[in-house]
Amino acid sequence: MSVAVDEPAAVAKTSPTGSAPHRPQLPEPRKPPLLRRLRRDRALLLLMVPGVTYFLLFHYLAVFGNVIAFKDYVPFVGVVESPWVGFANFQVLFQDPGFWHAAWNTVVLSVLQIVFFFPLPLALAMLLHSLTRTRIRKFVQSVVYLPHFISWVVVVALFLQVLGTDGPLNGLLGDDGRHAVDIFGNPDAFEPLMVAELIWKDCGWGTIIFLAALHTVDDGLYEAAAIDGAGPWRRFWHVTLPAIRPVLVLLLILRLGDVLTVGFEQILLQRTAFGPETAEVIDTFVYFHGVVEGGWGFAAAAALFKGVVGAVLVFSANKIAHRLGEQGVYR
């Protein structure tokens, strides 16, 4: 005796391969019209206007000003009427020993900042993240964030008051019968002093991104590693570092883009004390040859060269990050 089976029902129950039945997908919800979305988000859009205007005027629109690097620019004549000289400014720039000396000082300072400053915010972030008491953590965060909001004029003045010839450091050395140390007049102390000032001012501020990354790490991974006998160093190496590696790669790539930018205001304030031979970098080179001496086209050529080098480094580092399986800055 045979039993009739409803064929559509049988097909709905099982498929030829024995897998789950295919269910029709629901249509995606339609987006509201553009005018309705603009009206809905008008408050947020108005808040964006100042920031977008700033970047448009002083970052994107200002890029067109690089055309003066190819002209004998005279401010009283204007960009359009200034004579076109092609790559003459770049030829003079690349033959100037002072430019290459400034570029070398910039690279040395940038490498020192990457080696000594870049890891410290991560270490400080891990220290703050390990604090269990909320009040203590917030207090320490406020203290280490505060120097970032102090201007470089005040920071340099503080270091000058402490480390200068009349400061407390030389006062202690004089009390012990030792000779005074003229740090601000010693060319060998310029690079360590620049790195020390940057660490004191911005190390705490640099922990913000690392703290956010550390909060995304699952605490269960630390507990499992501790149960397996992993010490603090192995937990950092095998749990923390892989979890925040995308953030580290991103920040390192962005730092390479600023490899020829080491702090114009900080160095300009101390350039006289250490002398141009020691404290000249590309930013101060551009300032004195362009704004002070009026060589606008020559200075613009130096600034454009700096920007091109930074862009090439970012694109190259991002490509290498993709080959190593990292996301990088963009895809």
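Just a few scattered comments:
- Counted residues, segment 304-331 - those being under 16 Å from Leu248 (Cβ atoms), under 15 Å from the mean Cα position of the chain (by Cα) and open to solvent by 50 Å² or more (accessible area, probe 1.4 Å): 1
- Residues located in segment 58-85, provided they are open to solvent by 90 Å² or more (accessible area, probe 1.4 Å) and at pLDDT below 90: Phe58, Tyr60, Leu61, Phe64, Phe76, Val80, Glu81
- When segment 282-296 is filtered for residues that are in contact with a helix residue (DSSP H, G or I) (Cβ under 9 Å, 6 or more places away or on another chain) and in a helix (DSSP H, G or I), the ones remaining, listed by number, are Ile282, Asp283, Thr284, Phe285, Val286, Tyr287, Phe288, His289, Gly290, Val291, Trp296.
- Restricting segment 271-296 to residues that are among the β-branched types (Val, Ile, Thr) and in contact (Cβ under 8 Å) with a residue 12 or more places away in the chain, the residue that is nearest to Ile183 (Cα to Cα): Thr278
- Trp152 open to solvent by less than 70 Å² (accessible area, probe 1.4 Å), at pLDDT 90 or above and either closer than 26 Å to Val262 by Cα or touching a strand residue (DSSP E or B) at 6+ places or on another chain (Cβ under 9 Å) (or both): yes
- Test: residue in segment 283-295 that is under 20 Å from Trp152 (Cα atoms) and open to solvent by 40 Å² or more (accessible area, probe 1.4 Å): yes
- Number of the exception - Asp166 against (1) open to solvent by less than 40 Å² (accessible area, probe 1.4 Å); (2) without any contact (Cβ under 8 Å) to a residue 12 or more places away in the chain; (3) of a type in the set (Asp, Glu): (1)
- Filter pass, Val181 being out of contact with any Gly (no Cβ under 6 Å at 6 or more places or on another chain), open to solvent by less than 50 Å² (accessible area, probe 1.4 Å), without any contact (Cβ under 8 Å) to a residue 60 or more places away in the chain and outside any helix (DSSP H, G or I): no
- Considering (1) hydrophobic (A, V, I, L, M, F, W, C); (2) closer than 14 Å to Phe99 by Cα; (3) in a helix (DSSP H, G or I); (4) in contact (Cβ under 8 Å) with a residue 60 or more places away in the chain, the lone condition that Ala299 does not fulfil carries the number (4).
- Index of the failed condition, Ala212 passing every other in (1) of a type in the set (Gly, Ala, Ser); (2) open to solvent by less than 40 Å² (accessible area, probe 1.4 Å); (3) closer than 26 Å to Val115 by Cα: (2)
- Residues (among the small types (Gly, Ala, Ser), within 13 Å of Ile199 (Cβ to Cβ) and open to solvent by less than 30 Å² (accessible area, probe 1.4 Å)) located in segment 86-134: none
Let's see how each residue does on (1) more than 24 Å from the chain's Cα centre (by Cα); (2) at positive phi; (3) part of a helix (DSSP H, G or I):
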residue	(1), (2), (3)
Val92	yes, no, yes
Trp100	yes, no, yes
Ile114	no, no, yes
Leu127	no, no, yes
Thr132	yes, no, no
Ser142	no, no, yes
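- Selection of segment 218-242 for residues being open to solvent by less than 60 Å² (accessible area, probe 1.4 Å), of a type in the set (A, V, I, L, M) and assigned to a helix (DSSP H, G or I) yields Ala224, Ala225, Ala226, Val239, Leu241.
The values are calculated or read from the model by the stated rules, or taken from the named source; none is laboratory data. The structure displayed is predicted, hence computed values, not measured ones. With ideal geometry, Cβ positions are generated from the backbone for all residues, glycine too; neighbour counts draw on all protein chains shown. Ligands, DNA and RNA are stripped out before the accessible areas are found, and what is left, the full protein with its side chains, is counted by its heavy atoms. Shrake-Rupley method; radii C 1.70, N 1.55, O 1.52, S 1.80 Å.
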